[in-house]
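See structure below.
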Amino acid sequence: MADRSRNDADERVTALAREFAKALLAGDELGADVVIRRAIEAELTQTEISEELIAPALWLIGDLWQRGEITVADEHLATEITLRVLALEQEARRVRDQRKGYRVLLATPAGEHHVVALRMLTGLLLNAGYETMMLGPDVPADSLAAAARRHGIDVVCLSVTMPGGADRALLTLYEVQQLVPSTGFVIGGRGLTSRLPVRPGIEVCRQVSEGVRAVDAIVNRAGLN
Ligand code: B12
């Protein structure tokens, strides 16, 4: 079993290394950056990325250059892309490390059973480096607030789909703020109405893809206080 997971990990590294080399050969900086970000998300260490992805790709570039199969310009471009990607990797790790200490709770208010959007958001937040706690559907305001306090939650994400859901989200917000006033909120879903207050510490989103940025905005603001 351990051998199998080691083999899977090796195959994943080999595939990423191949893709990184391909991006360098194509002069595709964005593609190279995406491969490195995927490697970070797959929990490869900085050493593994340097030794098993970047170095072999540059050795290959060197061989092709020596054999006259690519030009000096191709080799220079590949090196420049690598240097920029290294800087981006540092930045991506710094942002991810900063997010590590923050806890995000996800739930739908009482009576609301639609949780697909929140499941999607959980994955995005985890990949971004946040700690998440998914309570799932139909959570009464008082027990959600108690959970937020018990687990030291920084941000609560709520989703509302059904008519009337926005009012229950408001009630949840109120209950949590009574117990832990510093908690931030990210709220989304088609059941939202203009009754929800938009003020610092409360972010309203139309798309799941806005969720990580919204949580970032809340924790960055809290960090500046
Ligand atoms: C799957 C589904 C269910 C499943 C849910 C299972 C589950 N575990 O989630 C079940 C079977 C339980 C269900 C039950 C019901 N459902 Co239903 N359901 C759906 C369906 C088909 C898909 C919902 C979905 O997952 N969409 C995909 C997600 C990704 O989209 P989304 O939620 O809209 O989220 C997007 C944005 O709103 C935003 N977002 C949403 N939340 C959040 C949160 C944050 C923090 C962020 C950042 C972003 C964000 O991001 C997403 C896009 O990026 C919809 C059809 C539809 N048109 O949506 C009906 C639908 C929502 N259901 C409906 C109905 C009527 C019901 C029931 C009343 C049916 C019944 N008679 O029992 C019950 C009510 C249950 C309840 N009280 O909540 C209606 C609602 C109509 C309305 N607004 O009045 C719909 C629209 C179907 C229809 N056309 O009639 N349902």
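Once the Cα atoms are used to define both axes, helix 29-41 deviates from the longest principal axis of the chain by about 60 degrees.
Each Lys and Arg Cβ is given +1 and each Asp and Glu Cβ -1; about its Cα centre, region 100-224 then shows a dipole of about 180 debye. Using Cα pairs under 8 angstrom and six or more residues apart, how large is the relative contact order of region 100-224, in percent? Value for region 100-224: 27 percent. Shown here: region 27-80, whose C-alpha atoms stretch 36, 20, 13 Å along the first, second and third principal axes, sorted largest to smallest. Rg and Dmax over the alpha-carbon atoms of region 12-114 stand at 18.1, 68 Å. Could you tell me how many degrees, from 0 to 90 and to the nearest 10, lie between the Cα long axis of helix 116-128 and the main elongation axis, the longest principal axis, of the Cα atoms of the chain? Approximately 50 degrees, to the nearest 10. So, counting K/R as plus one and D/E as minus one, what does the shell of residues with Cβ under 14 Å around Leu118 add up to? With Lys, Arg at +1 and Asp, Glu at -1, the net is -1. When the solvent-accessible area of region 169-212 is split by element, carbon and sulfur atoms take up 50 percent of it, the probe being 1.4 Å. For Met134, Met162, the ranking by accessible surface with the largest value first comes to Met162, Met134, using a 1.4 Å probe. Only protein heavy atoms count here; under a 1.4 Å probe, Thr79 has an accessible surface of about 50 Å². Surface listing: Tyr102, Tyr130 arranged by accessible area from highest to lowest gives Tyr102, Tyr130, probe 1.4 Å. Close amide H contacts of Arg103 (hydrogens built in the peptide plane, cut-off under 5 Å, sequence separation of 5 or more or a different chain): Asp154, Val155.
Of the accessible area of region 2-98, with the probe set at 1.4 angstrom, what percent is carbon plus sulfur?
C and S atoms contribute 54 percent here.
Helix 211-224 and the long axis of the chain differ in direction by around 80°, with both axes built from C-alpha atoms. For the chain, a Kirkwood radius taken over Cα pairs fed into Stokes-Einstein (4 °C, viscosity 1.567 mPa s) yields D = 65 µm²/s. Taking a ≥ b ≥ c as the square roots of the Cα gyration tensor eigenvalues, with a/c under 1.5 meaning rounded and otherwise prolate when a/b beats b/c, else oblate, which class fits region 172-225? Oblate is the answer for region 172-225, as a/c is 1.5 or above yet b/c matches or exceeds a/b. Excluding ligands, DNA and RNA, the accessible surface per residue across the chain is 56 Å² with a 1.4 Å probe.
The accessible-area ordering, largest first, of the residues Trp59, Trp65 stands as Trp59, Trp65, per a 1.4 angstrom probe. Taking a ≥ b ≥ c as the square roots of the eigenvalues of the Cα gyration tensor, an a/c ratio below 1.5 marks region 100-224 as rounded. A probe of 1.4 angstrom, applied to the heavy atoms of all protein chains, finds His114 with accessible area near 90 square angstrom.
The spacing between region 45-97 and region 176-225, judged by their C-alpha centroids, is 39 Å.
Note on region 56-165: the C-alpha convex hull projects to 10.0 nm² when averaged across all orientations. Karplus-based coupling profile of region 110-115, in residue order and whole Hz: 3, x, 9, 10, 8, 10, with θ = phi - 60° in 6.51 cos²θ - 1.76 cosθ + 1.60 and x standing for Gly or Pro.
The values are calculated or read from the model by the stated rules, or taken from the named source; none is laboratory data. These figures come from a predicted structure and were not determined experimentally. Every residue, glycine among them, receives a Cβ derived from its backbone with ideal geometry; neighbour counts consider all protein chains shown. For the accessible areas, the whole protein counts, side chains as well, though only heavy atoms, and no ligand, DNA or RNA atoms are used. Shrake-Rupley method; radii C 1.70, N 1.55, O 1.52, S 1.80 Å.
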